[in-house]
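Below is one structure, written out as C-alpha cells; comments come after it.
The values are calculated or read from the model by the stated rules, or taken from the named source; none is laboratory data. Remember, it's a predicted structure, so these values are computed and weren't measured experimentally. FYI the Cβ positions are ideal-geometry reconstructions off the backbone, even for glycines, and counts take in every protein chain you see. Just the protein is used for accessible areas: all its heavy atoms, side chains included, with ligands, DNA and RNA removed. Shrake-Rupley method; radii C 1.70, N 1.55, O 1.52, S 1.80 Å.
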Amino acid sequence: MRRALELPGLRAGLPEVVACADRLDRTVRWVHAGEVPYIASLLKGGELLLTTGLGLGSRPAEQRVFVRRLAERGIAALVVELGSRFDRLPATIVETARAAGLPLVQLHREVPFVSVTEEVHTEIVNGHYALLRQAEEVHRRCTEALLDGGGVPQVLRILADFAGNPVFLETAEGRLLYAAAPGAGPAAADPLQIWEGLRGQRAARAAGP
C-alpha cells in the first residue's frame, strides 16, 4: 500500500493518510473502484478500494457499518476522493477505520481512477514477474549446486541468501540437521544462535501460560 501512494496517479491527488498509517505495509492484491453501499460483498480481500464516498451513506450509523464491513472483508486500504461527497471525511468514518485497523486515505484533488488502477496493477504484475525470475534463478543455482556435489549445506546457503533470512533443516522430531544464514564474513548472523532462540520460543509456547 505504501508503494501505491508513491505512484504518480495517487500522488497527484495529494493523499493524506488519516487512519492506521502504521499499517501501510499491507500488500495490495488488486484495485477496485465503486460507489455502491454494498461494495464489501463484491470484494475478496486485499483490494485497494477507490471511491468518491457516494456509497458511504449520510448517517453516522450507515458510515460505521460501511467501514466495518470493508475491514471485516480484509481490504488493504480505503481511499476516498474528496469533492463529490465530502469536503473532508467525517470523524465517524475516521474513528471507525482507526478502531477497525483499516488504513484510510483521503485525496484532496480529483484523479482518474482508471489511471490509478493501471499504475498499481502494472506494479503488481511486474512484482510477480520479478519474483518468478528470482525463483527461476534460485532453482538454477540449487540444481547446479547439487550437480556439482555441493549437497544440502550449499543449497541451504543459496536459499538463505534468496530469502534474506536463516534457513534450517530439521528432523520430524525437531533435531537440527543443517543451518545456513544469509551473507558471509564476521558480520553475518550465527544461524545456530538464531535456531536456539527459535527453539526456546517454541518450547515456551508449548508450555503455555
Per residue, accessible area of the chain with a 1.4 Å probe, heavy atoms of protein chains only, in Å², comes to 58
Pop out the ³J(HN,Hα) list for region 160-177 in order, Karplus 6.51 cos²θ - 1.76 cosθ + 1.60 with θ = phi - 60°, rounded to Hz; leave Gly and Pro as x.
5, 5, 5, 7, x, 9, x, 10, 10, 10, 10, 6, 4, 8, x, 7, 6, 9
Suppose each label sits 7 Å from its Cα in the direction of the beta carbon; what would the LEU147-ALA99 distance come out to in nanometres?
6.2
How many percent of DSSP beta bridges within the chain run antiparallel, rounded to 5?
40
Taking the Cα atoms of the chain alone, what are Rg (to one decimal) and Dmax (as a whole number) in Å?
23.1, 69
Which GluC sites (Glu not before Pro) does region 1-77 hold that lie in a coil by DSSP with at most 16 other beta carbons within 10 Å?
GLU35
Taking R0 as 41 Å, what FRET efficiency do you get between LEU132 and ARG88 from their Cβ-Cβ distance, rounded to the nearest 0.05?
0.45
What is the distance, in nm, between label points placed 7 Å from the Cα along the Cα-to-Cβ direction at GLU72 and at PHE162?
4.1
Treating only the Cβ of Lys, Arg, Asp and Glu as charged (+1, +1, -1, -1), what charge dipole size does the chain show about its Cα centre? Round to the nearest 20 debye.
600
Segment VAL125-ARG199, length gained on full extension (0.36 nm per residue, minus Cα span):
22.9 nm
Local electrostatic count, GLY57, Cβ distance below 11 Å [Lys/Arg +1, Asp/Glu -1]:
+2
The size of the Cβ-based charge dipole (Lys, Arg +1; Asp, Glu -1) of region 74-176 about the Cα centre, to the nearest 20 debye, is 200
Please give the length that would be gained between LEU169 and ARG23 if that part of the chain were fully extended, namely 0.36 nm times their separation in residues minus their C-alpha to C-alpha distance (nm, one decimal).
49.3 nm
Of the accessible area of the chain, computed with a 1.4 Å probe and all protein chains kept, carbon and sulfur make up a percent value of 54
Checked region 130-207 with the C-alpha gyration tensor, a ≥ b ≥ c its square-rooted eigenvalues, rounded below a/c of 1.5, otherwise prolate if a/b is larger than b/c and oblate if not; verdict prolate
Neighbour-limited loop hits for trypsin sites (Lys or Arg not before Pro), region 1-36 (at most 16 other Cβ within 10 Å; DSSP other than H, G, I, E, B):
ARG29
Choice from ARG175, ARG85, ARG68 showing the highest fluctuation, given a GNM over the chain with Cα pairs closer than 10 Å:
ARG175
Report ³J(HN,Hα) in whole Hz for each residue of region 33-41, in order, from the Karplus equation J = 6.51 cos²θ - 1.76 cosθ + 1.60 where θ = phi - 60°; Gly and Pro get x.
10, x, 10, 7, x, 9, 4, 4, 5
Considering the options HIS108, GLN134, VAL120, tell which one lies farthest towards the positive end of the dipole of region 94-143, charges being +1 on Lys and Arg and -1 on Asp and Glu at the Cβ, about the Cα centre.
GLN134
Quick one: putting +1 on the C-beta of Lys and Arg, -1 on the C-beta of Asp and Glu, what dipole do you get for region 130-207 around its Cα centre, in Debye to the nearest 20?
220
